[in-house]
Amino acid sequence: MTGIRATLKRGFDRLERLLDTLFGSDWNPLANLGPLGWFLFWIVAGTGIYLFIFFDTGVVNAYQSVEWLSGSQWFHAGLARSLHRYASDLLVVIMLVHLVREWSFDRYRGKRWFSWFTGVPVIWFVYMSGITGYWLVWDKLAQYVALTTTELLDALPFFAEPIARNFLTPESLSGRFFTLMVFLHIAIPLLLLLMMWIHIQRIASARTRPPRGLSVLTLVALVIVSFALPAPLQGPADLSTIPARVGLDWFILGLYPVIDLVPPSVIWTGAMLITVLLSGLPWLPPRKEAEAAQVFLDFCNGCARCEDDCPYAAITMVPRSDGAPFPQEAKVDPDRCVACGICMGSCPSSTPFRRSGPLITGIDLPGRTLERVRTEVITAAADLSGPGRVMTIACEHGAAGVPAKGRVILPCVAMAPPSLFDFILSRDLADSVCIAGCAERDCFNRLGGKWTEERIARTRDPRLRNRVSRERLLTLWAGPSERGRLPEALRDFSARVAVLGPVPKKTSLAADDEGTADLGLATKDNPT
Amino acid sequence: MKERLHHLAMGGVVTLVLCFGVALLSAAPAWQSMPENMALLRLSFTHSGDRSASCRDRTPEELAKLPPNMRATQVCDRRRPPIYVELEVDGKVIYAASSPPSGLAGSGPSRLYERLLLPAGPHDLTVRMRDNPASDVFGYEATRKVDLAAGQSFVIDFRKESGFVFE
Ligand code: HEM
Ligand code: SF4
Ligand code: SF4
């Protein structure tokens, strides 16, 4: 299992690097599968509503209305029909790739189970939406779908009268049954939307909109294809015949041939087993996760930065419980905290400069405290020598996630507060810092890369202090398949830093007055 | 900006190729759900097995114990017997089975939905049903000569009033 996962992960990483060069890392479609899924859903919903204006819901007239709108009305209603269809097909592709990708990147186990678990019913609802849609066209394909589906459903002990009897003869199909299908084709997609919404409830600021450029590319491509290859119609349904040969939509109906070939009991058992197995995957086996973050009220002023920065919505601000003169305090939900440490990096109290007493911050990881990280940094410095010393602060999921001299590996680079970089430079532990995270397009911890960039660009709190020269920081966003690139990048950087010389002593002395990260003072993040 | 144009162009091509691929697989290759030159015969109907065989007269003592308004002279099983159906095509029995009653208590009618593939062409069909386990004669029987076209859907239904119906 871990072997397959590692191979797939490397495969994705390689392919995504290629797509980075074609689309740019921000428009990379593989890094935007979830948002693309939402985008496609809205295209399908919009075109569906438009089609409904022209669609006749009667058994006899349904086909005629689709034929009419695909024919003389091809330039608007016909376009809407093709878009409706191809966007649904693409949604299936996107969804399945998204599933495999989340699996191979291992972003579904342990406390991240929720999105996976709620994604499983999404699969069912996507397929059911598509199947009921094909039914409405009432062409030969619809007839095949209707017959195969009802015969499969009749194998379940739910229906008194076999529903397949509705399709025995031309006389047996009632308008009422058809109305029910129309209703289902509206109700099921609405439930799908509800499931998609639930799916992202446990992650903070989930991306449901792709970057504009990628949306434009996708929509334009779908429109071109819809005009070039309009969705076909396969002749009106005729219940006195059997559509023996049908052009199949392999995305939505790809399993129908299997239904034709295998007894219904096997199909249902298989579907149930796969559903249960997929749902249980986050616990097969569960991931051993480090202990949840812990709040130290003496060092928390209730600034809510940690709440803003936690990618898993694990922190809430609650009324103060210790009588301190602040309205709020941070509270961690241990069931959601994956111990990424990003909150520690966001807390104004997280400053390694303090000298007296134990180093405690407002929010800390019990398994990897700020104090320990400081010690690790000091230890790693001992391995560095010569001009142009580079200390690497690495994320365990990126290219630099393997132990090396002069390197400290964290669960996420955003766990390092900007003051840690300041500390390394002004304490002369190194001449420069390389911040090595996941590939730019997508961070394992969702938002770590973004927060780090913004903090050192001084646009997000806690900001990097002005006295830290940007030239001495290298950000290196690279996935695990780019490990080979690392030594050279570090060598180049080291050479550039060697030219700069050591960090000027004056500022490094001034740094030490910064001993206080305690309440009040810390909130202001006093910029110099 | 120049980079963005490059991304629009290259990304556009990739997206377009992907969407074309999707559109192509959205209607092809075709699926042959049934062999060529065959017709589908479906034998499907609903009929209740005859419970009368399970009925017996109540003894006078039993009747006396019942309240006067409930003194029906016969008691029958709630459960219905299965129905037994046979289909003969060109002199050969190709389907013969009994269908159990429906419902938890078995008090509902038997329901039948059978798919049978037949080669296109002329056939002699004979269908019979026995709904009372006490007798071994078929209470219902019908014969029909048919000429089935390839891909035709042919149905044998049953109505209580008129017996077997060929459609
Ligand atoms: C129409 C189908 C789907 C849509 C539109 C969708 C959408 C999304 C979105 C928007 C995100 C958040 C991305 C982000 O902001 O980082 C996400 C994350 C995720 N999805 Fe889906 N999803 C779909 C289906 C599925 C399915 C079928 C599964 C698996 C069974 C799944 C598993 C996950 C997982 C594991 C995450 C990551 C959660 C985390 O980072 O902790 N999704 N999805
Ligand atoms: S470590 Fe902090 S940021 Fe990360 S999940 Fe836990 S509470 Fe959220
Ligand atoms: S002081 Fe630290 S722990 Fe308290 S709310 Fe702010 S970031 Fe969170």
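Within segment B:78-118, the residues that satisfy the criterion of being surrounded by 14 or more Cβ atoms within 10 Å (Cβ to Cβ), of a type outside the set (Lys, Arg) and over 26 Å from B:Leu40 (Cα atoms) are B:Pro81, B:Gly106, B:Ser107, B:Gly108. Of all the listed residues (A:Gly11, A:Gly3, A:Gly48, A:Gly37), the sole one being more than 13 Å from chain B (Cβ to nearest Cβ) and closer than 18 Å to A:Leu184 by Cα is A:Gly48. Mind listing just one residue for me: the one in segment B:109-132 that is of a type in the set (Gly, Ala, Ser) and assigned to a strand (DSSP E or B) and, of those, farthest from B:Leu43 (Cα to Cα)? The qualifying residue farthest from B:Leu43 (Cα to Cα) is B:Gly121. Candidates B:Ser98, B:Ser153, B:Ser135: the one that is within 13 Å of chain A (Cβ to nearest Cβ) and either in a strand (DSSP E or B) or hydroxyl-bearing (Ser, Thr, Tyr) (or both) is B:Ser153. Exactly one residue out of A:Thr179, A:Thr169, A:Thr150 is away from chain B (no Cβ under 11 Å) and either away from ligand 1 (no atom under 11 Å from the Cβ) or under 36 Å from the mean Cα position of the chain (by Cα) (or both), and it is A:Thr179.
Considering only residues that are within 16 Å of ligand 1 (Cβ to nearest atom) and of a type in the set (Lys, Arg), which ones fall in segment A:308-362? Listed by number, the list holds a single entry, A:Arg336.
For every residue, the table says whether it meets (1) out of contact with any strand residue (DSSP E or B) (no Cβ under 7 Å at 6 or more places or on another chain); (2) touching a residue at least 12 places away in the same chain (Cβ under 8 Å).
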| residue | (1), (2) |
| --- | --- |
| A:Ile198 | yes, yes |
| A:Thr218 | yes, yes |
| A:Thr241 | no, no |
| A:Arg245 | no, no |
| A:Pro282 | yes, yes |
| A:Val295 | no, yes |
| A:Cys300 | no, yes |
| A:Arg305 | yes, yes |
| A:Tyr312 | yes, yes |
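Are any residues in segment A:44-74 touching a residue at least 60 places away in the same chain (Cβ under 8 Å) and either of a type in the set (D, E, K, R) or under 30 Å from A:Lys9 (Cα atoms) (or both), and if so, which ones? Once the filter is applied, which keeps residues that are touching a residue at least 60 places away in the same chain (Cβ under 8 Å) and either of a type in the set (D, E, K, R) or under 30 Å from A:Lys9 (Cα atoms) (or both), segment A:44-74 yields only A:Glu67.
Among the residues of segment A:225-248, are any within 7 Å of chain B (Cβ to nearest Cβ) and within 28 Å of the chain's Cα centre (by Cα)? Yes: one or more hits. I'd like to check something: does segment B:1-9 contain any residue that is modelled with pLDDT of 85 or more and buried (at least 19 other Cβ atoms within 10 Å of the Cβ)? Looking through segment B:1-9, at least one residue is modelled with pLDDT of 85 or more and buried (at least 19 other Cβ atoms within 10 Å of the Cβ). For segment A:324-361, filtered to residues that are among the basic types (Lys, Arg) and more than 11 Å from ligand 3 (Cβ to nearest atom), the residue that is farthest from the other protein chains (Cβ to nearest Cβ) is A:Arg355.
Residues checked against (1) more than 16 Å from ligand 2 (Cβ to nearest atom); (2) more than 14 Å from chain B (Cβ to nearest Cβ); (3) in contact with a Leu (Cβ under 9 Å, 6 or more places away or on another chain):
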position: A:Leu91; (1), (2), (3): yes, no, yes
position: A:Met95; (1), (2), (3): yes, no, yes
position: A:Asp106; (1), (2), (3): no, yes, no
position: A:Trp116; (1), (2), (3): yes, yes, yes
position: A:Gly130; (1), (2), (3): yes, no, yes
position: A:Trp135; (1), (2), (3): yes, yes, yes
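Working carefully through the options B:Ala23, B:Ala53, find the one that is of a type outside the set (Phe, Trp, Tyr) and touching a Phe, Trp or Tyr at 6+ places or on another chain (Cβ under 6 Å).
Answer to the selection: B:Ala23.
One residue alone among A:Leu222, A:Leu255 is more than 16 Å from ligand 3 (Cβ to nearest atom) and crowded, with 20+ Cβ neighbours inside 10 Å, and that residue is A:Leu222. Looking at segment A:295-387, none of the helices (runs of 4 or more DSSP H) lying wholly inside it contains 1 or more residues that are in contact with a His (Cβ under 6 Å, 6 or more places away or on another chain).
For (1) touching a Leu at 6+ places or on another chain (Cβ under 6 Å); (2) within 14 Å of chain B (Cβ to nearest Cβ); (3) away from ligand 1 (no atom under 16 Å from the Cβ); (4) not in a helix (DSSP H, G or I), each residue gets a yes or a no:
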{"residue": "A:Gly401", "(1), (2), (3), (4)": "no, no, yes, yes"}
{"residue": "A:Ala430", "(1), (2), (3), (4)": "yes, no, yes, yes"}
{"residue": "A:Leu476", "(1), (2), (3), (4)": "no, no, yes, yes"}
{"residue": "A:Arg491", "(1), (2), (3), (4)": "no, no, yes, no"}
{"residue": "A:Arg496", "(1), (2), (3), (4)": "no, no, yes, no"}
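Okay, residues lined up against (1) more than 23 Å from A:Met128 (Cβ to Cβ); (2) exposed (fewer than 14 other Cβ atoms within 10 Å of the Cβ):
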position	(1), (2)
A:Asp13	yes, no
A:Leu22	yes, no
A:Leu30	yes, no
A:Gly34	no, no
A:Gly37	no, no
A:Ile49	no, yes
A:His76	yes, yes
A:His84	no, no
A:Val92	no, no
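Meeting the requirement of 3 or more residues that are within 9 Å of chain A (Cβ to nearest Cβ), the strands (runs of 3 or more DSSP E) wholly within segment B:25-91 are B:30-32, B:38-47.
The values are calculated or read from the model by the stated rules, or taken from the named source; none is laboratory data. Predicted model only: the values in this text are computed from it and were never measured. For neighbour counting, all protein chains shown are included, and Cβ atoms are generated from backbone atoms with ideal geometry for every residue, glycine included.
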